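The values are calculated or read from the model by the stated rules, or taken from the named source; none is laboratory data. Keep in mind that this is a model prediction, so the values were computed, not measured. Cβ coordinates were reconstructed from backbone atoms using ideal geometry, including for glycine residues, and neighbour counts include every protein chain displayed.
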Amino acid sequence: MTAMETRRVDAYEKVTGRARYTADRVPENVVYAAFATARIGKGRIAGIDTSAAEAVPGTRLVITKFGADELRDVGFVLAGGHAAQSLQPLRDNRVAYRGQPIALVLADNPIAATEAAQAITAVYEPEPFAVKIDADGAETLMQEQAIPLPFLADIKVGDADAALQESPVRINSTYEHPAQHAAPIEPFTSVVRWDGDKLIVNDSTQNANAVRFGLATQLGIDPAGVEVISSHIGGGFGTKNAMYGHLGPIAIAARRLGRPVKMVLPRPQNFHTGNFRPASVHTVRLGADENGRLLAAVHEVDQQTSWHDLFPSDATTATSRLYATPTFRGRQRLVRTDVPTPGFMRAPFESPAVFAFESAMDELAYATGRDPVQLRLANDATVDPVTGLPFSSRHLAECLRRGAARFGWDQRDPQPGSMIADDGSIVGWGVAAGCYPASIVPIVAHLSATADGAIIVAVGGHEMGQGIRTAVALLVAHELGVPVDNVTVHVGDTRVAPQPFTAGSWGTSSALPAVRAAIAELCKTLGVTGDVPAAVRATGKSVVTVSASTLAPGQTEESLEQVKGGHLAIGGPVFPEFVAFSWAAHFVEVRVEPTTRRIRVPRVVSVVDCGRVASPTTAASQVRGAVVWGVGAALREESVADEQFGGFLTTTLEEYTVPVNADIGEIEVDFIDEPDLRFNPVGVKGLGEVSLVGVAPAIANAVYHATGRRMRRLPIRVEHVL
Ligand code: MOS
């Protein structure tokens, strides 16, 4: 394979602007939608005045309320429905949180729509609200009782509390992780139009199935009459996870007006009507012998949710697997607050959970006087400590060893504050490990080969920039011996294949086995192993099309039917015969400027075990992006709740600060690249999320090494290291 062939297959389309994102679509005669939003933290709307909005030139329609039979319940995606939250705005006068839509405006141009929306005024009956996890009025529930799903049950191995009591060395620390928003560059964007009874939707979503089946449910129409296309997405990161509450209203407006409707949510509304990583508080207790061998671990989590939905915590699935902890107890609680329902955001639970756990491991390293890398190697697990099953593959120790060598870890003086750079800044070196569950969802793939040599793949998956098209194209090119440029990959399109939620780092590891099965089917159909175009010509046909579908180990055809019906059917990370995770080790250098205490991250080395690397260029890019996210999590990002007015205060990219180029130094990426053939026949595990897990604690541990100050709350700012 030449270097050219490993490039991103849609790179030219993207850099030349030919890649069409949802916002690029401007159908003829389109009308633009905008929301007016609630300005109280909670309560009721007593009256709403739309007359000024209706007077704005170009305004075509203002809607404040839909009938319950016109806009039906869709249900929360994690409770069997298709919507990002169960709350559907514009159906009654309840306000659950500031920023909730209270009116929809349709106008001939986006400026008129925005102006009209802002001209809408309401009279409210406000009620007390709680937006913070520790506020009066927030309500705490035991997750185990609230959500009786076995895979969300608290993990218990042995008697961790008794083992902790008997441990010679004990760590007991509480860590706080703020709420965060994914803030993809492309905001929530939708274009809807009716073609007779058919509803055609372009949407920036990573779950076109949910949009299709959600709209069908909401509007009471046949899903066969709903087409959803999401061909290029300008960042998803989990937040574009389901059907959002603007889609039904704009579909109805399009029908009423007989015109296509386009809606691009302005940035501040993305922070209030999109979902977010909920705030969480983690208490970690570790018990060990004098050499740092773990005897017990307890991880207790409180995680924010909304009043109307229970967005679960899955924190201890990861932290119970990092090390060979002979006893472990997890406990997860949910805290109801007056916010939109939280949702997935890149390594949703694992990144905060491992920030806590790997910070505690660093505390244990200092408490026992062991090197942090050696401590982790000494606690490496050979089988899954929770189930006793083998891991499908686990190269965490190799990630740590290789990362330490590349980083030059043996030059580290463990004494905090002991390493000073030439420019006088204080150097800190930190390490942390990460893991992320490896899952698979049922996928359908169709493969067409033409007599002139083109291969067209239609498969379940969404291209959010992670490179799924490239990974699929490289697999097909490699297996069939055709040039990559001859391969066209269609994803994110419900017209060509079912499009289940692309998330959980299962996109590539689910799609590739299905595509490979389709390749095998094609070769069988043609009776060849090579030169497919010649074999197609020999059939006398211009095109030969085959289909295949794949399931996770242990799944039955029922799971495939669930996916075809628009529901989730996730296999893993615990499979009948093994447990599957991806693994990572991150090594970080920070420099603390001695006077201003400004913290910089000049150097990161990340080594990842994601099984086989399916697409080297996009894989390395995924890891670099994740490290940038980790720098953001450790030093920048916080969605600050507004205790005075409700909602969030930080709703622009000026206020919700993400890292910029000047914040990022050298990021060295390496892969173990050992195929995991027990997990699936292509040997790929997940990559996008594991690469984030552990970055923030590695930075926090480096800050400790530089300053002697233990950082138990993110983000770490100058004022915390003064
Ligand atoms: Mo990811 S947060 O599961 O899209």
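All of GLY67, GLY58 fail the test of being without any contact (Cβ under 8 Å) to a residue 60 or more places away in the chain and within 30 Å of GLN562 (Cα to Cα), apart from GLY67.
Residues of segment 554-591 that are on the phi < 0 side of the Ramachandran plot, touching a Pro at 6+ places or on another chain (Cβ under 7 Å) and free of Cβ contacts under 8 Å to residues at least 60 places away in the same chain: PRO576 alone. Candidates are the residues of segment 379-433 that are of a type in the set (A, V, I, L, M) and in contact with a Gly (Cβ under 7 Å, 6 or more places away or on another chain); the one that is surrounded by the most Cβ atoms within 10 Å (Cβ to Cβ) is ALA432. A search for C-beta distances below 7 Å between a residue of segment 159-179 that is closer than 23 Å to VAL693 by Cβ and any residue that is among the acidic types (Asp, Glu) and part of a helix (DSSP H, G or I), counting only pairs 6+ apart in sequence or on different chains, returns ILE171/GLU363; SER173/GLU363.
Here the condition is being within 16 Å of the ligand (Cβ to nearest atom) and of a type in the set (Asp, Glu); of GLU637, GLU666, GLU655, it holds for GLU637 alone. I'd like to know if segment 110-122 contains one or more residues that are out of contact with any helix residue (DSSP H, G or I) (no Cβ under 7 Å at 6 or more places or on another chain) and modelled with pLDDT under 95. Within segment 110-122 (the criterion being out of contact with any helix residue (DSSP H, G or I) (no Cβ under 7 Å at 6 or more places or on another chain) and modelled with pLDDT under 95), the answer is no, since none of the residues qualifies. Can we say LEU61 is of a type in the set (A, V, I, L, M, F, W, C), modelled with pLDDT of 95 or more and in contact with a Gly (Cβ under 6 Å, 6 or more places away or on another chain)? In short, no.
Might you let me know whether segment 459-466 holds any residue that is more than 15 Å from the ligand (Cβ to nearest atom), at pLDDT 95 or above and either crowded, with 24+ Cβ neighbours inside 10 Å or more than 22 Å from ARG612 (Cα to Cα) (or both)? Break it down stepwise before answering.
Initially, segment 459-466 is screened for residues more than 15 Å from the ligand (Cβ to nearest atom), giving 459.
Of the ones still in play, those that are also at pLDDT 95 or above are 459.
Remaining after also requiring either crowded, with 24+ Cβ neighbours inside 10 Å or more than 22 Å from ARG612 (Cα to Cα) (or both): 459.
Yes, there is a match, as at least one residue in segment 459-466 is more than 15 Å from the ligand (Cβ to nearest atom), at pLDDT 95 or above and either crowded, with 24+ Cβ neighbours inside 10 Å or more than 22 Å from ARG612 (Cα to Cα) (or both).
Scanning segment 600-621 for residues that are crowded, with 24+ Cβ neighbours inside 10 Å and assigned to a helix (DSSP H, G or I) turns up THR618, ALA619. The conditions of being of a type in the set (A, V, I, L, M, F, W, C) and outside any strand (DSSP E or B) are not met by TRP583. Restricting attention to segment 243-263, report how many residues are assigned to a helix (DSSP H, G or I) and buried (at least 21 other Cβ atoms within 10 Å of the Cβ). Here the count works out to 8. Counting only residues that are in contact with a Lys or Arg (Cβ under 7 Å, 6 or more places away or on another chain) and within 30 Å of ARG259 (Cα to Cα), segment 103-151 holds 3 of them. When segment 88-117 is filtered for residues that are free of Cβ contacts under 8 Å to residues at least 60 places away in the same chain and of a type in the set (S, T, N, Q), only ASN93 remains. The residue that is surrounded by the fewest Cβ atoms within 10 Å (Cβ to Cβ), counting only those in segment 33-60 that are over 29 Å from ASP642 (Cβ atoms) and among the polar types (S, T, N, Q), is SER51. Residues in segment 474-497 that are closer than 30 Å to ALA224 by Cβ and either of a type in the set (A, V, I, L, M, F, W, C) or surrounded by 24 or more Cβ atoms within 10 Å (Cβ to Cβ) (or both): 7 in all. Among the residues making up segment 206-239, those that are within 16 Å of the ligand (Cβ to nearest atom) and more than 19 Å from ARG495 (Cβ to Cβ) are GLY234, GLY235, GLY236, PHE237, GLY238, THR239.
Can you name the residue in segment 61-93 that is assigned to a strand (DSSP E or B) and within 30 Å of the chain's Cα centre (by Cα) and, of all such residues, is surrounded by the most Cβ atoms within 10 Å (Cβ to Cβ)?
Of the residues in segment 61-93, the ones assigned to a strand (DSSP E or B) are 61-63, 76, 83.
In the following step, the residues that additionally are within 30 Å of the chain's Cα centre (by Cα) were identified as 76, 83.
Numbers: PHE76: 22, ALA83: 27.
Checking each candidate, the answer is ALA83.
For the subset of segment 498-531 comprising residues that are part of a loop (DSSP other than H, G, I, E, B) and surrounded by fewer than 24 Cβ atoms within 10 Å (Cβ to Cβ), which member is farthest from the ligand (Cβ to nearest atom)? So the residue we want is GLY527.
When ALA224 is tested against (1) outside any loop (DSSP other than H, G, I, E, B); (2) crowded, with 20+ Cβ neighbours inside 10 Å, only condition (2) is not met.
Screening ARG597 with (1) on the phi < 0 side of the Ramachandran plot; (2) modelled with pLDDT of 95 or more gives one miss only, at (1).
When segment 117-150 is limited to residues that are part of a loop (DSSP other than H, G, I, E, B) and over 29 Å from the mean Cα position of the chain (by Cα), the one that is farthest from LYS42 (Cα to Cα) turns out to be ALA119.
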